[in-house]
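To start, the structure under review is shown below, and the notes come after it.
The values are calculated or read from the model by the stated rules, or taken from the named source; none is laboratory data. As the structure is a prediction and not an experimental result, all values here were calculated from the model. As a convention, Cβ positions derive from the backbone with ideal geometry for all residues, glycine included, and neighbour counts pool all protein chains shown. Heavy atoms of the whole protein, side chains included, go into the accessibility calculation; ligands, DNA and RNA do not. Shrake-Rupley method; radii C 1.70, N 1.55, O 1.52, S 1.80 Å.
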Amino acid sequence: MTPPQASPAQTPSSTVSTQSAVAERLAEIVGERHVLSRQSELLVYNSDGLPGYRRQPKLAVFPGSGEEAVAVVRFLAKQGLPFVPRGAGTGLSGGALADDIVVIGLHRLKKIISLDVENRRATVEPGVVNLRLNKHVAPHGLLYAPDPSSEAACTIGGNVAENAGGPHCLKYGVTLNHVLAMTVILPSGEIVELGSKVGERDGYDLRGAFIGSEGCFGLALEITVKLTPKPQTVRTLLADFMSVDAAAHVTSAIIASGIVPAALEFMDGPTIRVVEDSIYAAGYPRDAEAILLIELDGLEAGVAADLETVRRVCLDGAARNVKVARDEAERMKLWQGRKKAFGAMGRLAPHLIVQDAVIPRTKLPEVLATIHAISEKYGVVVCNVFHAGDGNLHPNIAYSADDPAESERVHKAMIEIMRACIDAGGSITGEHGVGLDKMGYMEAIFSETSLNAMCELRSVFDPERRSNPGKVVPVHACKEWRAVSGGRLRIAEPPAEVHEPRPLEAEPARPSAR
Amino acid sequence: MSTQAVVSAVKESVETASPLRIEARATWLDAGRPVRAHKTLSLRDDSGVVGYVPGDLTLTVRAGTPLSEIEQVTREHDQWLPLDPYGTSDGTIGATLATASAGPLSASFGLPRDLLLGLEFVNGRGEVVRGGGKVVKNVAGFDLSRLLTGSWGTLGVITEVTLRLYALPKVDRTFAIALKGSEQETGRVIHVITESALSPYALQYFSRPAVRALELGEHPVCLIRFGGNDAVVRAQVNALSQIAKPEETESEIWTRVRQLDGSAHTVVRISSLPVQFRAASARILGDDVGGIYVSIDPRRGVLRIVVGGEDANGDSGTAAIGSSVDFHESQGVIFEKLPPDIWSAVSPSVVSDPLSQGIKRAYDPRNILNPGILGDLM
Amino acid sequence: MTAALPADPLPHDPMPGCALPGTPLADALPGINACVHCGFCLQACPTYLNLEDENDSPRGRIFLMRSLLEGTVKPDDPSVQQHIDQCLGCRACEPVCPSGVPYGQLLEATRATLRESRPTPFLARLILFVFAREWLLRPAMFFSRILAATPIPTLLSGINGRLGFAMAMLASTGRSIERSRYRPVRHGERGKVAMLRGCVMDGLFNTTNRATERVLAVNGYAMLDAPGQRCCGALHAHAGDLATARSLARRNIAAFERSGAQFIAVNAAGCGAIMKEYGHLLKDDPEWHERAARVGARVRDVSELLAAAGPREGGPLPIRVTYDAPCHLQHAQRVTQAPLTVLAAIPGLELVPLHDSDQCCGSAGIYNLIEPDTSDAVLAPKLANIRATGAPWVATGNAGCLMQIGAGLIRAEISARSIHPVDLLDASYAALGQ
């Protein structure tokens, strides 16, 4: 284990907590089985869905109830210890990594607290898995609209932290548009209600500010979400094209036609072939250079008319074939291929970069051509699978990190791709969040004063910067912050009554107890 | 007027410790809100389109741009910004967002915060800050756009905004259903419409006095607006005809609905669980007190009471509100407009919680932006 | 914006010199590398859902495997061993894995590798020792059968701990459905079939084995004998004893080759799963690899053969039945519809849907005897779901599941019995007098 950065002389002995002392106290709260402190058991918590990044946590604690979570946060607050909240660890920006500090896993908080069918809302704990909630409300003709591709594994708490989207957010909006209220424990241990469960609220939209704060503002312990009635009719089309450009133009044409599809997804040739080689083979034409998966939903009559319009737009735009799923089974199969595409790329090479950027929709043909040119220039295979309707690109590169030369080329290609997206007037992330991965790009799209305004907002929720430190906004962008040796955050001039965040002391060497 | 001019004005105010009242057309801020400022920073002239790519369905405008101008610019490309806040289209987009004002379309298209993609503002230190971006999906950085929406100018002077547009529907028709029957019968119609698969653009119920002011007759009325392709509108009209007797009315009616509170001295918005409204709607709509206009949006869960129309009688008005609405059952009682002298008595600060206070102090440490408008700092 | 783009924080994931060269785990590296860490497997994993620690999930265990190879954890680390041991091997993670990680194979390779650095628990060693030796297995099964015929298991089934559970398992084997005798008409036009008699099936579910022969005959299969066959080796492979598993596999391959059968019918899902994968088990054996693959390709679950034949409709059997899918049938063999097709051939049988029927019951070979606490935790929701159906019969096509669920029902005093779908079809044919 890495030695502590701070020398004992700098840390007053009265506030020293050894790792075992902290672990013991946490075990008193949650039970011994739910505190991990052995290095070998913490290994699996050193990465999330983007395994290229690894940060070794010092301790992991898994509260089993809201009360336990409150006790854990308050204990850590009292000790002045920093922590990282974690859901299912499916995030794709390294946002849930804890560098030598405590991980609070919220996956055990998986109760659906209440379901109000008449008013179409549900209150859940943060560890409830997105798909579980959907299965729970489906018998009542309702659904929870945000559907990230990881819906089978990711938690609602994580969705709130990342402001998760998904294919259907083109029409239905992202997590932000579906969360009404939250009970939040601030890093200080104070509990606040953000938003309103039963109506609208005046004043600052603290709910809106909290959603997408990537675990830097505290932990949502109860989340009230809006549920959406299942549409009367859903129709899914698959259009295939012999050129990426044609599919990109058709995307713009569909949007321009005034129809808001429930989803409009794009997959390019390399992606199609990877999917077709996987167990999720969806029957996509292997020889196509691009396919569009278009879903329309709503009232029967309107969908039927829109279906014809979309079909015509596709064929006018040089689609080779337009196929409409005949039944639910066929529709699910078409979607499986899309939703599991990212995992299927694991077959190509041992390592994978899953990129996330947004561009204005009209720039799709241009940017896709640029990405293609970049991939040729560096001799890498870029698989494009993305939410075309939103202009939310996911250029992915499978490669072998064991090959330094290839890694270097991939690295350069990714920088150029991001540059192209930024130059097109886009954003560096549409749904994966900034986390660790995108932090370096923040200064490319935000000015110093804008980044500082974000730091200030964070400081209101978490004045000691103990919740998910070192993420989202680069430390040096925050005026009154500064980094100390080892990159650990300290408060420059801590108020007298505030404990300073500090690392846990390493355990004195002793023989293994087991 | 430019962002730089706003920066200079704010910096000057900081230096001279003279708070600013921020306005553009000065329509919403005329809501009687108690702003303690002698100087006014007007964004009236800071208007115009900055960027509009119809294919992207996004529009970037200066904050002082009136809604009517946005309507006109987007209509040329068969697009619109589906925001219809109460008042007139002379109001500006900046004020609409700063006050988070929403109208009947919001149950379908979302509140102002849902249509905002990014913005630029000048904080209370005279620094230019941008939040969000110009694309329709974006999670880069903490969400300053949502924070500024509904902050009534107290955290920053909004100077520029990027909005999400929609294509204008091919067909846009509005129908009125007169609720002539007994309270029970009215309740039944409301229930059936709510439970139906109809998916209207807007749906509102109006009490008798409001209906009279709208010149729609003598009975409570349900106004319902359908949009989309021809087939979907026709199918819904047919379905509606099975339930009730809808009469088509010109879309202009919505403009009049928005202007109902023109001469009001008090506007109260009560929001609650949609079901609670459904239960009480029939009874509330039956009340007939002169000068008190009640409208109900059952899908959004909002009941709006406008007091002080031309034939208003102040005392009975207040009594009527009390008799119609059980304040204990609804959490969100929001005063949109009040006579200036009763603000402090009726509406305590809505930003008195520590988080809101902290944000205010961080963004406007000298308290020079619209001080007092949301209540006082503790 | 003019700010220069930063150096991209490039993810890197090096595999420095392998810490365990030449081990089965080192061979499995490509499978480990296929994992993209997406986490889709977490919610499919019964041990993760019950233990709520990612070390007890497929993604976590694969991470531990990788760490073993990287040398960041040691094979003798007790916590690593514990998490690998706690895996049920149900392979529910495989169908949900978009990258196609061969998790079952990785687990076997890991257990084989860990075995070298520590002894297998005594009870497991004893059971595996007996199962690999015909001269011990036969008397053991004989004794068990005699015991099962007495009231002793039922009397002892209520006592705490493993002995009580084992007795309940035994007691559950003697509770099949009553049926009259019938003599199937034998046509044999669908081809020649040899059946894996199996050890537990042969020893404790002999009724089911005979029913299997009869229903296959009714459906046009010619039944052949395959003398010399042994235990399939699944239990050994799952426990990491690959050497014994391979030796058993070779004997079975030879026996079934000699039989000349077109199909090898297996009525225990766990056995069928490993036999279909004999080719992989013997992939490094130049002499046997091809033969193993050929024999493996002829293996069918009994329900697959029946479904392919229709199966022929039987006589009325007016009972309520719920179906629980064995992991090794649905996940390992990916056979999901065939057992339902079999049940659908029984007139009058009412199939009651079982909530979470795709979840593991916690049997997992001998897991329920070695890791009793986790096994019980996994079994508990299964029993609750069965109770909720109110059905008196739970059909499931695997010896381990039959006993695990059967024992659980007895101990929880739920008035339902576990039964193999083939027994139900057999009873239906008996009702027809055919």
When the residues of the range C:296-316 are filtered to those that are open to solvent by less than 10 Å² (accessible area, probe 1.4 Å) and assigned to a loop (DSSP other than H, G, I, E, B), which remaining residue is farthest from residue C:273 (Cα to Cα)? C:315
First in the range A:284-309 and more than 30 Å from residue A:372 (Cβ to Cβ), second anywhere and open to solvent by less than 10 Å² (accessible area, probe 1.4 Å), Cβ under 6 Å, 6 or more apart: A:297/A:262; A:303/A:296; A:306/A:296; A:307/A:296
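If only one of A:88, A:145 is in contact with a Cys (Cβ under 6 Å, 6 or more places away or on another chain) and either among the hydrophobic types (A, V, I, L, M, F, W, C) or under 21 Å from residue A:216 (Cα atoms) (or both), which one is it? I'd like the intermediate steps shown before the answer.
Values: A:145 fails: in contact with a Cys (Cβ under 6 Å, 6 or more places away or on another chain).
The unique qualifying residue is A:88.
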Which of the residues belonging to the range C:119-135 are over 24 Å from residue C:197 (Cβ atoms) and in a loop (DSSP other than H, G, I, E, B)? C:119, C:120, C:121
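Among the candidates A:125, A:67, single out the residue that is among the acidic types (Asp, Glu), farther than 19 Å from residue A:215 by Cβ and open to solvent by 10 Å² or more (accessible area, probe 1.4 Å). It would help to see each step written out before you state the result.
Numbers: A:125 fails: farther than 19 Å from residue A:215 by Cβ.
Result: A:67 is the single residue among A:125, A:67 that is among the acidic types (Asp, Glu), farther than 19 Å from residue A:215 by Cβ and open to solvent by 10 Å² or more (accessible area, probe 1.4 Å).
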If only one of A:192, A:198, A:234, A:174 is away from chain B (no Cβ under 12 Å), open to solvent by 10 Å² or more (accessible area, probe 1.4 Å) and of a type in the set (A, V, I, L, M), which one is it? A:234
Of the residues in the range B:126-150, those that are open to solvent by 10 Å² or more (accessible area, probe 1.4 Å) and more than 8 Å from chain A (Cβ to nearest Cβ) come to B:132
Some residue of the range C:410-428 being more than 24 Å from the chain's Cα centre (by Cα) and touching a residue at least 60 places away in the same chain (Cβ under 8 Å): yes
Please state which of the following conditions residue B:86 fails to meet, knowing it meets all the rest: (1) surrounded by fewer than 23 Cβ atoms within 10 Å (Cβ to Cβ); (2) closer than 25 Å to residue B:151 by Cα. (1)
Against the definition (within 22 Å of residue B:146 (Cβ to Cβ) and more than 11 Å from every other protein chain (Cβ to nearest Cβ)), how does residue A:168 come out, yes or no? yes
Find all pairs meeting these conditions: Cβ atoms under 6 angstrom apart; at least six residues apart or on different chains; first residue within the range C:258-281 and without any contact (Cβ under 8 Å) to a residue 24 or more places away in the chain; second residue open to solvent by 30 Å² or more (accessible area, probe 1.4 Å). C:279/C:293
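Among the residues of the range B:15-41, which ones are under 17 Å from residue B:159 (Cβ atoms) and open to solvent by less than 50 Å² (accessible area, probe 1.4 Å)?
Here is the first cut: in the range B:15-41, the residues under 17 Å from residue B:159 (Cβ atoms) are B:20-25, B:29, B:40-41.
The answer is B:20, B:22, B:23, B:24, B:29, B:41.
For the structure I just gave you, tell me whether residue A:105 is within 12 Å of chain C (Cβ to nearest Cβ), of a type in the set (Gly, Ala, Ser) and under 19 Å from residue A:169 (Cβ atoms). Talk me through it step by step, then tell me what you get.
Details: within 12 Å of chain C (Cβ to nearest Cβ): yes; of a type in the set (Gly, Ala, Ser): yes; under 19 Å from residue A:169 (Cβ atoms): no.
Taking the combined requirement at face value, the residue does not satisfy it.
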Which condition does residue A:421 not pass, out of (1) closer than 24 Å to residue B:131 by Cα; (2) open to solvent by 20 Å² or more (accessible area, probe 1.4 Å), if it passes all the others? (2)
Residue A:87 vs. criteria open to solvent by less than 30 Å² (accessible area, probe 1.4 Å) and at pLDDT below 95: no
Within the range A:271-311, restricting to residues that are within 13 Å of chain B (Cβ to nearest Cβ) and among the charged types (D, E, K, R), the one that is nearest to residue A:243 (Cα to Cα) is A:308
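Would you confirm, using the coordinates I've provided, whether residue C:80 is over 29 Å from residue C:207 (Cβ atoms), open to solvent by 30 Å² or more (accessible area, probe 1.4 Å) and of a type in the set (A, V, I, L, M)?
Values: over 29 Å from residue C:207 (Cβ atoms): yes; open to solvent by 30 Å² or more (accessible area, probe 1.4 Å): no; of a type in the set (A, V, I, L, M): yes.
Judged against the criteria, residue C:80 is not a match.
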Tell me the residue from C:91, C:111 that is buried (at least 23 other Cβ atoms within 10 Å of the Cβ), at positive phi, touching a helix residue (DSSP H, G or I) at 6+ places or on another chain (Cβ under 7 Å) and at pLDDT 85 or above, please. C:91
Test residue A:138 against the stated conditions and say whether it is assigned to a helix (DSSP H, G or I) and either closer than 21 Å to residue C:40 by Cα or assigned by TED's automatic domain parsing to the domain that holds residue A:224 (or both). yes
Before we move on, is residue B:240 surrounded by 17 or more Cβ atoms within 10 Å (Cβ to Cβ) and free of Cβ contacts under 8 Å to residues at least 60 places away in the same chain? no
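Would you call residue A:250 under 28 Å from the mean Cα position of the chain (by Cα) and buried (at least 24 other Cβ atoms within 10 Å of the Cβ)?
Numbers: under 28 Å from the mean Cα position of the chain (by Cα): no; buried (at least 24 other Cβ atoms within 10 Å of the Cβ): yes.
It is false that residue A:250 is under 28 Å from the mean Cα position of the chain (by Cα) and buried (at least 24 other Cβ atoms within 10 Å of the Cβ).
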For residue A:415, the lone unmet condition from (1) without any contact (Cβ under 8 Å) to a residue 12 or more places away in the chain; (2) farther than 27 Å from residue A:149 by Cα; (3) at the interface with chain C (Cβ under 10 Å from one of its Cβ atoms) is (2)
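Given the criteria open to solvent by 30 Å² or more (accessible area, probe 1.4 Å), assigned to a helix (DSSP H, G or I) and of a type in the set (S, T, N, Q), does residue C:336 qualify?
On the way: open to solvent by 30 Å² or more (accessible area, probe 1.4 Å): yes; assigned to a helix (DSSP H, G or I): no; of a type in the set (S, T, N, Q): yes.
No.
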For residue A:155, are the conditions met, namely being within 22 Å of residue B:142 (Cα to Cα), within 11 Å of another protein chain (Cβ to nearest Cβ) and not basic (Lys, Arg)? yes
Among A:434, A:410, A:460, A:367, which is open to solvent by 10 Å² or more (accessible area, probe 1.4 Å) and either of a type in the set (A, V, I, L, M) or modelled with pLDDT under 95 (or both)? A:460
Among the residues of the range C:419-433, write down those that are open to solvent by less than 30 Å² (accessible area, probe 1.4 Å) and in contact with a Phe, Trp or Tyr (Cβ under 8 Å, 6 or more places away or on another chain). C:419, C:420, C:421, C:424, C:429, C:430
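If you check B:98, B:140, B:107, B:176, which single one turns out to be touching a helix residue (DSSP H, G or I) at 6+ places or on another chain (Cβ under 7 Å) and among the aliphatic types (A, V, I, L, M)? Show your work before the answer.
On the way: B:98 fails: touching a helix residue (DSSP H, G or I) at 6+ places or on another chain (Cβ under 7 Å); B:107 fails: touching a helix residue (DSSP H, G or I) at 6+ places or on another chain (Cβ under 7 Å); B:176 fails: touching a helix residue (DSSP H, G or I) at 6+ places or on another chain (Cβ under 7 Å).
Criteria check complete, one pass: B:140.
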Among the residues of the range A:315-333, how many are open to solvent by less than 80 Å² (accessible area, probe 1.4 Å), in a helix (DSSP H, G or I) and out of contact with any Asp or Glu (no Cβ under 9 Å at 6 or more places or on another chain)? 2
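Within the range A:351-398, which residues are in a loop (DSSP other than H, G, I, E, B) and either closer than 17 Å to residue A:412 by Cβ or under 16 Å from the mean Cα position of the chain (by Cα) (or both)? Please lay out each step first, then the result.
Let us first name the residues in the range A:351-398 that are in a loop (DSSP other than H, G, I, E, B), namely A:355-356, A:359-360, A:379-381, A:391, A:394.
Within the range A:351-398, A:355, A:356, A:379, A:380, A:381, A:394 qualify.
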